[in-house]
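One structure is given here, and the rest of the page talks about it.
The values are calculated or read from the model by the stated rules, or taken from the named source; none is laboratory data. What you are looking at is a predicted structure, and each value in this text was computed from that prediction instead of being measured. When we count neighbours, we look across all protein chains shown, and the Cβ atoms used for this are built from the backbone with ideal geometry, even at glycine. To get the accessible areas, we keep the full protein, side chains included, count just its heavy atoms, and leave off ligands, DNA and RNA. Shrake-Rupley method; radii C 1.70, N 1.55, O 1.52, S 1.80 Å.
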Amino acid sequence: MELLRYILRRTVLSAFVVVGVTFLVFIVAQVVPSDPAALYAGPRPTAEQIEKARQELNLDAPLPARFATFAAAMASGDFGVSYKSRRLIAEDLKAYLPATLELAVFSTGLALLIGIPLGVLAAARQGRWPDRLGSFGSIAAVAMPTFFLAMILQLVFAQWLGILPLSGRLSREIAIGAPLPVVTNFTLVDALLAGRLDAFGNAVTHLVLPALTLASYPAGVAMRLTRSAMIEILERRHVVAARTLGLSEPRILFGHALPNAMGPALTVIGLSFAYALTGAVLVEIIFAWPGLGRYVSEAILAKDFPVIAAVTMVVTICYVVMNLLIDIAQALVDPRVALS
Amino acid sequence: MPLLDISDLCVRIPTPEGEVHAVRAVSLRIERGEIHGVIGESGCGKTMTGMATLGLAPKGARIEAARFHFDGADLREQAKALRGKRIGMIAQDPAAALNPVLSIARQMDDVIRAHRTLPREARRREAADLLAATGLPDPGRVLKSYPHQLSGGMQQRVVIAQALATGADFLIADEPTTALDVSVGAQVLALLRKLVAERGLTVLMITHDMDVIAEACDRATVLYAGRSVETGPVEAVLQKPGHPYTRALLAALPDAAPHGARLAAIEGSIPPPRTRIAGCAFAPRCPKAMPVCAAEPPPERARDRHTWLCHLPEDAA
Ligand SMILES: Nc1ncnc2c1ncn2[C@@H]1O[C@H](COP(=O)(O)OP(=O)(O)O)[C@@H](O)[C@H]1O
Ligand code: SF4
Ligand SMILES: [Mg+2]
C-alpha cells in the first residue's frame, strides 16, 4: 500500500519533470530565436516557406496556445522535419533510438555487474591487495579517455585476438547476406522475433566492445560507491549480529550487507544511462554505431533545431523513466524508502 | 567444570592515541543452566568481555588470560568456530541488531539455513515455531513484517528466536532490556528465564541495572574498571555485599526511584582505561580506603561461595 502510494507519487513527480523540460525545449526552440519560423523553414527560405512555417508553428497565437500545440505535437511523436535532411525526425529516431537504448542498457548492466561485486570484494578485503588493486583499477577506469579505451579494446580483442568484431551492429554476412526483418530496430529483439539465434549471438558479440567501453566509467564509480557504502555497513550492528548467528561470510557480504549498500550503486544506473544516451558520440563513431549521440551532434553542428529539440525530449523521457524505475527498485530493496 | 571458565582475562586495544586497557583482569565462572549477571558502570568492560568471548574483539586487540575456556575448548583458538553454533548473542538494541531492509522471514530463514539442511517449507515452519516459542502471538504476521513494523519488545523476541535458531546453548545477553520499556523489559527477562528452564540454556546477562540482577539472575559478578571485584550467588551479593563498590551500587538504589541512571549516583567516576592502576582501582572513590589500597592489589576475601577483592578484612565487610 505504502509502496503503491510511493510509486504514484514518484510517477506524478516524473510527469512534472517531463512537462518542465518540454517547456524549456519549447522556449529554446520557439521563443528565444528572434525568428523561429526562419529557423524552422531551413536555410535560405523563401517568404512563402517562412509564412508556412509561421502557420505550422502557430506563431501568431498567444504563448500558452503555442506551448499547447508544441506539447501536443511532442506527445503524439510528431517531432517535425529535420531542416537539414528534410526527413521526418520520428522516422530517424525509430532507427537511432533503439541502437542507443540497446547499448545503454547493455553497458549499464555491464557496469553494475563489474562494479558492484568488485566494490563488495574491496570492502571485504579493505586495505589489502584486492582493495588496492580495485582502487587502482577504478581510478584508471574513470580517468581513461573513452576513445582511448575503445581503441585499446579494438586493438586487443578485434585485431590481435580476433575474437570480437571491430565495429557495427551486425556482421556483413548477416546484415547483407541474410538480413533480419526490421520490426523494432532493437537488433537483439528482432533476432529473437525472427527466431534467428545466429543473428542474436552475432549482435551480442558486436555489443560487447562498445558496451565495455561505455561501462568503464560507471563501473569505476559503482565500485567506489559500493565499496564505501559496504565499509560503512559492515561496521553496523546488524552485521555483527549476523556474525554471531553463524552465517557464512559470503552470505553476510552479499545477503546482509549488499542490500543495504545498493542505494548508491543504483543511482549510478541513472548516471551511466544518461551518459550512454547522448554522451557516447566518440564511442558511436569509433564503433560505427548508428546512435543518438552521432545524430544529435551532427544536428548541433548544423543548428538543426527541430532535431535537437526532439532528441532532448526523447532523452529526457528515457532518463526520467529510468530514474522512476530506479526509485521503484530502491523502494523494493529497502521498504523504508517508501515511507519517507 | 564450569561451562564458561575465564580467569584473569585482559583485553588491550590499540588505538591511535595509545593502547586502551578495556578489560584488565576479569574472572568469570559460569555453570551450566544458570543466568549469570555481570554488572558494573558503563565503560567497565562488560561488553568487551562478551565480545572477546564471541571472538569479536576489535581488530588487533591483544587477548591474554590465565584461562579462557568454553566447555573445555580454548576460546583464544575456538571462539570463531563456537560463535553462532554454541555461543549466541542477544544485543542491547534489537532495532540495530536486525537488518532494516530484510523481512523477518528472510532473517530467520538465513539463520536456520546456516545450521541445518531442511526443505523450504520445514524451515518456514521452524521459523514460526521459534517465534512462537519466544511468545510472539502471531508468528505468520511477524514473518511477513520488516523490523520497523515491529515494536521494540517484538524485535527483541525475534532476536532471541534467531539466537535459538542457531541451536546455541550459551547466550550472551548484552543489556537486553535497556532499550525497552520497563514492563516490556520485565517480560523479556521472564522469557529468558523460561527458555533457560525449558531448554537448558546458560546465559551471561550483562547489565548496569541491579533490578535485572535481582529479577533474573542466579549468580552475579561485579566489574569495576575492567576487573571482576566480587562474585557469588545473587542473594549473597545483594544482601551481604563484600566489596565497598557493590555496597555503593546498592546504596545508590533508592527503592522508589525510577529505573535507569542509578549508578551515576556514586560520587566520582571510573578511572580512564589508559591509566595504570597499581592497587585497588576503586580507592579514589572508596569511603573506606586505606593507605595500602592505592599501593597494593587487594587480596581475595571469601564467605561461603561468595568472593571479593578488598583490603578490608572479611568481618569488617
Ligand atoms: N573498539 C574500541 N576501541 C577502543 N576502546 C574501546 C573499544 N570498545 C570499548 N573500548 C573501551 O573499553 C572500555 C570498556 O568498554 P565496554 O566493554 O564497552 O564497557 P561496558 O560495556 O561495560 O560499558 C571502555 O573504556 C571503552 O571506551
Ligand atoms: S581495597 Fe580499599 S579502596 Fe579498594 S574497595 Fe577495599 S577498602 Fe576500598
Ligand atoms: Mg556495554
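Just a few scattered comments:
- Among the conditions (1) without any contact (Cβ under 8 Å) to a residue 12 or more places away in the chain; (2) out of contact with any helix residue (DSSP H, G or I) (no Cβ under 6 Å at 6 or more places or on another chain); (3) in a helix (DSSP H, G or I), residue B:160 misses just one, which is (1).
- You will find that of B:230, B:235, the residue that is away from ligand 3 (no atom under 16 Å from the Cβ) and either within 14 Å of chain A (Cβ to nearest Cβ) or in contact with a Gly (Cβ under 8 Å, 6 or more places away or on another chain) (or both) is B:230 and no other.
- Of the residues making up region B:45-63, just one is assigned to a loop (DSSP other than H, G, I, E, B), away from every other protein chain (no Cβ under 13 Å) and surrounded by fewer than 21 Cβ atoms within 10 Å (Cβ to Cβ), namely B:61.
- Among the residues making up region B:5-44, a single one is surrounded by fewer than 24 Cβ atoms within 10 Å (Cβ to Cβ), within 16 Å of ligand 2 (Cβ to nearest atom) and part of a loop (DSSP other than H, G, I, E, B): B:41.
Per-residue answers, yes or no, for (1) more than 21 Å from residue A:298 (Cα to Cα); (2) aliphatic (A, V, I, L, M):
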| position | (1), (2) |
| --- | --- |
| A:41 | no, yes |
| A:47 | yes, yes |
| A:50 | yes, yes |
| A:55 | yes, no |
| A:59 | yes, yes |
| A:64 | yes, no |
| A:69 | yes, no |
| A:72 | yes, yes |
| A:76 | yes, no |
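- Every test in (1) part of a helix (DSSP H, G or I); (2) open to solvent by less than 60 Å² (accessible area, probe 1.4 Å); (3) modelled with pLDDT under 90; (4) within 14 Å of chain B (Cβ to nearest Cβ) is passed by residue A:335 save one, and that test is (1).
- The residue that is least open to solvent (accessible area, probe 1.4 Å), counting only those in region A:71-91 that are closer than 14 Å to residue A:312 by Cα and part of a helix (DSSP H, G or I), is A:89.
- Remark: residue B:15 falls outside the filter, which requires a residue to be of a type outside the set (Gly, Ala, Ser), within 14 Å of chain A (Cβ to nearest Cβ) and within 12 Å of ligand 1 (Cβ to nearest atom).
- Flag for residue A:220 being touching a residue at least 60 places away in the same chain (Cβ under 8 Å), assigned to a helix (DSSP H, G or I) and either buried (at least 19 other Cβ atoms within 10 Å of the Cβ) or under 20 Å from the mean Cα position of the chain (by Cα) (or both): yes
- Cβ-Cβ distances below 8 Å connect the following pairs, each with a first residue in region A:132-145 that is assigned to a helix (DSSP H, G or I), a second residue that is among the aromatic types (Phe, Trp, Tyr) and open to solvent by 30 Å² or more (accessible area, probe 1.4 Å), and a separation of six or more residues or different chains: A:141/A:217; A:142/A:217.
- Long-range neighbours under 8 Å by Cβ, at least six apart or interchain, first residue farther than 18 Å from residue B:270 by Cβ within region B:7-24, second open to solvent by less than 20 Å² (accessible area, probe 1.4 Å) and within 16 Å of ligand 3 (Cβ to nearest atom): B:8/B:26
- Evaluated against (1) within 16 Å of ligand 3 (Cβ to nearest atom); (2) out of contact with any Ser or Thr (no Cβ under 6 Å at 6 or more places or on another chain), residue B:194 falls short on exactly one condition, (1).
- Those residues of region B:136-146 which are touching a residue at least 24 places away in the same chain (Cβ under 8 Å) and over 16 Å from residue B:184 (Cβ atoms), in sequence order: B:143, B:144, B:145, B:146
- For region B:206-223, a tally of residues being part of a loop (DSSP other than H, G, I, E, B) and either within 16 Å of ligand 1 (Cβ to nearest atom) or within 14 Å of another protein chain (Cβ to nearest Cβ) (or both) returns 2.
- Conditions (1) open to solvent by 20 Å² or more (accessible area, probe 1.4 Å); (2) more than 29 Å from residue A:121 (Cα to Cα); number of the one not met by residue A:234: (2)
- Considering region B:75-86, and only residues there that are farther than 13 Å from residue A:243 by Cβ and open to solvent by 30 Å² or more (accessible area, probe 1.4 Å), the residue that is nearest to ligand 2 (Cβ to nearest atom) turns out to be B:76.
- Some residue of region B:185-202 being within 16 Å of ligand 2 (Cβ to nearest atom), within 14 Å of residue B:38 (Cα to Cα) and not in a helix (DSSP H, G or I): no
- Note on region A:160-175: residues that are open to solvent by 30 Å² or more (accessible area, probe 1.4 Å) and at pLDDT 85 or above amount to 10.
- Criterion applied to A:99, A:37 was being under 30 Å from residue A:221 (Cα atoms) and touching a Lys or Arg at 6+ places or on another chain (Cβ under 7 Å), and the one residue passing it is A:99.
- Count - residues of region A:319-340 that are of a type in the set (D, E, K, R) and within 12 Å of residue A:10 (Cα to Cα): 1
- Any chance residue B:242 is in contact with a helix residue (DSSP H, G or I) (Cβ under 8 Å, 6 or more places away or on another chain) and away from ligand 2 (no atom under 16 Å from the Cβ): no
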